[in-house]
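Report on the structure given below.
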Amino acid sequence: MSSFPADLRYTNDHEWLRAQGTSWRVGITQFAVDALGDITLVDLPKEGDLVTKGQRFGTIESVKSVSDLYAPVSGRVIAINTTLKDSPESVNTEPYGKGWMIDLEPTEKSELDELLSSEAYTTHVSAQ
Amino acid sequence: MERRKTPLWNAHKQLGARLIDFGGWDMPVQYPAGTIKEHQAVRRSVGLFDVSHMGEVYLRGPNAREQVERLTTNNVASAPAGKAIYTLLCRPDGGVVDDCIFYKKSDTEFFVIVNASNTPKDVAWFREHVKFPCDVVDVSDETALIAVQGPKAVAMVDALAGGTLAQLPSFTFAETTVAGVACTVGRTGYTGEDGFELACANGDAVQLWSALLEAATPLGGLPIGLGARDTLRLESKLPLYGNDLDDDHTPLEAGLGWAVKLEGREFLGAERLREQKRTGLTRQLVGFKIDESLRAIARHGYPVVDRTRGAQAVIGTVTSGGPGIIVGGAIGLAYVPVANAAPGTQLTIECRGKDVPATVVSGKFYKRS
């Protein structure tokens with residue numbers, strides 16, 4: 001089992017979040033990437049869109065399957081990773097780097113407290 | 001229930017394969033290279049597939065020829081010895097029991113390779129329909145099967161077989177020794193590339209696999225998981241039982257009329273297929289393409305719709321679909337009414353709540369040069 005970076009926060013839906021000033025960067029974890037296989041398409045919202053925690057904000061298509069992306073917290077999309085349009089494989093090669101998906105400015109700060117630490121996420125994944 | 005393992009299970013583990021449950025078998029879905037690189041390796045060089053989960057059955061007896069004649073839609077029984085022939089097994093109502101390859105060894109012995117998930121069903125079907133004294137001998141549990149496919153496959157395997165295989169014509173087979181292992185080798189495959197499928201005893205599988213892998217690696221070859229096996233067969237428009245073929249569709253509807261030889265023959269399903277040919281089809285399996293710019297993939301089970309029909313909008317169903325790894329965009333197969341089946345017809349496929357245009361295309365999505 002790969003280890004999950006300690007400086008990130010996680011959700012049960014296998015997304016990671018990285019604090020960067022007032023916004024949070026969102027991507028999917030190595031565990032999710034391994035399960036999906038080669039990623040061929042990533043559909044993301046538009047800049048400025050509002051997303052609601054637990055609601056679908058995009059989709060990710062791998063060779064074998066299609067999965068929804070769920071908003072880890074509610075907020076406004078302030079940036080999307082436009083490079084994924086032409087290079088979706090970045091999600092496979094650098095899930096915590098070039099393979100990021102969106103930057104969110106949270107609207108419900110309390111939701112951030114519900115995110116998992118890397119230890120808690122590791123436990124969650126081990127139980128899968 | 002514990003998953004079944006092929007004799008190459010340890011080899012897959014050592015290669016770092018990701019294993020999944022496939023019809024009760026613990027099979028490699030991909031190796032560390034990943035599905036796309038594996039797919040490309042088969043198109044450009046050579047790939048090795050462990051397909052030992054597939055079933056192998058002998059039909060043997062002085063009356064084997066007439067039994068096979070009754071079971072198969074294609075001209076299998078009357079073929080010359082040494083031929084490996086693709087055929088359907090049909091029910092009396094024309095539905096497909098399975099698609100498989102029959103190796104004709106002689107008028108009294110046929111070797112059949114059947115789909116893994118259908119093996120028990122096919123063996124039962126054979127036992128139900130062959131007459132004494134023809135024997136049905138299921139050797140699936142003691143037989144391994146390795147496919148070697150790609151533009152470099154033939155020369156590579158030929159070199160390991162002392163030059164006995166390069167001259168083997170397509171859709172024929174030979175008994176020979178490959179890397180010291182006694183094999184039944186068919187010039188067949190499921191990728192659209194040239195190559196072979198090698199059947200050997202379980203106990204010899206590791207030796208054969210290791211020799212093949214050692215020969216393939218310097219050529220840029222890779223072991224190939226079930227993920228790429230599926231994308232390769234789809235790109236070559238080869239049907240998959242359970243997706244594109246089933247009990248509810250006939251071979252004619254599936255576009256496999258070339259493997260249905262009705263003239264002067266009587267076999268299970270022939271009457272129904274003759275009638276269907278006379279009255280005409282109402283639906284058929286077509287290939288479709290979705291333009292890359294639409295950034296959509298239509299998958300198994302998605303509805304084909306005609307929005308002008310209101311509440312009766314659903315006119316067909318996607319049976320297989322995925323990204324066109326070599327050809328770009330997305331590709332797939334769907335059953336649609338014959339009125340919508342002509343090449344160039346615009347279809348609408350509902351992809352997760354979104355209507356996406358697709359175009360009917362004829363022939364294979366990818367054809368080797």
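Observations on the structure shown:
- Modelled spin-label separation between B:Arg274 and B:Gln312, with each label point placed 7 Å from Cα along the Cα-to-Cβ direction: 3.3 nm.
- Test item: Cα-centred dipole of the stretch B:282-361, Lys/Arg +1 and Asp/Glu -1 on Cβ, debye: 140 debye
- Restricting the calculation to alpha carbons of the stretch B:222-336 gives Rg and Dmax of 16.3, 50 angstrom.
- Separation of the stretch B:6-65 from the stretch B:232-283 is 27 Å, based on Cα centroids.
- With contacts taken as Cα pairs under 8 Å and at least 6 residues apart, the stretch A:9-111 reaches a relative contact order of 30 percent.
- Summary value for the stretch B:280-369: 36 percent relative contact order, contacts being C-alpha pairs under 8 angstrom separated by 6+ residues.
- For B:Ile331, neighbours were defined as the other residues whose beta-carbon sits under 15 Å from its Cβ, and their charges (Lys and Arg +1, Asp and Glu -1) total +3.
- Nearest-20 debye value, the stretch B:66-199 charge dipole, Cβ charges on Lys, Arg, Asp, Glu: 200 debye
- Dividing the summed -39500 (n - 2.57) terms of all DSSP H runs of n ≥ 4 by the residue count of the protein assembly as shown sets its mean residue ellipticity at 222 nm at -5500 deg cm²/dmol.
- Charge tally in the Cβ shell below 14 Å around A:Glu114, where Lys, Arg are +1 and Asp, Glu are -1, A:Glu114 excluded: -2
- Theoretical FRET efficiency, 1/(1+(r/R0)^6), r = Cβ-Cβ of B:Asn202 and B:Thr108, R0 25 Å, to 0.05: 0.45
- Over chain B, relative contact order from alpha-carbon pairs under 8 Å, at least 6 apart, %: 17 percent
- Residue exposure sequence - B:Glu142, A:Glu89, A:Glu61 - by fewest surrounding Cβ within 10 Å: B:Glu142, A:Glu89, A:Glu61
- Per the Debye formula on identical point scatterers at the alpha carbon atoms of the protein assembly as shown, with no solvent, log10 I(q)/I(0) at q = 0.10 Å⁻¹ is -0.85.
- Alpha-carbon centroid distance for the pair the stretch A:58-128 / the stretch B:284-318, whole angstrom: 30 Å
- Shape call, chain B: gyration tensor on alpha carbons, a/c limit 1.5: oblate
- Judged by the ratio a/c of the largest to the smallest principal axis of the C-alpha gyration tensor, chain A counts as oblate, that ratio being 1.5 or greater while a/b is no larger than b/c.
- Nearest-20 debye value, the stretch B:1-279 charge dipole, Cβ charges on Lys, Arg, Asp, Glu: 480 debye
- Sorted by Cβ neighbour density within 10 Å, fewest at the top, the residues A:Tyr70, B:Tyr302: A:Tyr70, B:Tyr302
- Positive contributions from Lys and Arg (+1) and negative ones from Asp and Glu (-1), summed over other residues with Cβ under 9 Å from the Cβ of B:Cys183, come out at -2.
- Sequence of B:Glu2, A:Glu15, B:Glu38, B:Glu109 once ranked by neighbouring C-beta atoms within 10 Å, starting from the fewest: B:Glu2, B:Glu109, A:Glu15, B:Glu38
- Antiparallel DSSP beta bridges within the stretch B:1-279, as percent of all bridges there, nearest 5: 90 percent
Rule-based calculations on the coordinates, nothing more; no lab input. Every value quoted in this text rests on a predicted model; they were computed, and no experiment measured them. Cβ atoms come from the backbone with ideal geometry, glycine included; neighbour counts cover every protein chain shown.
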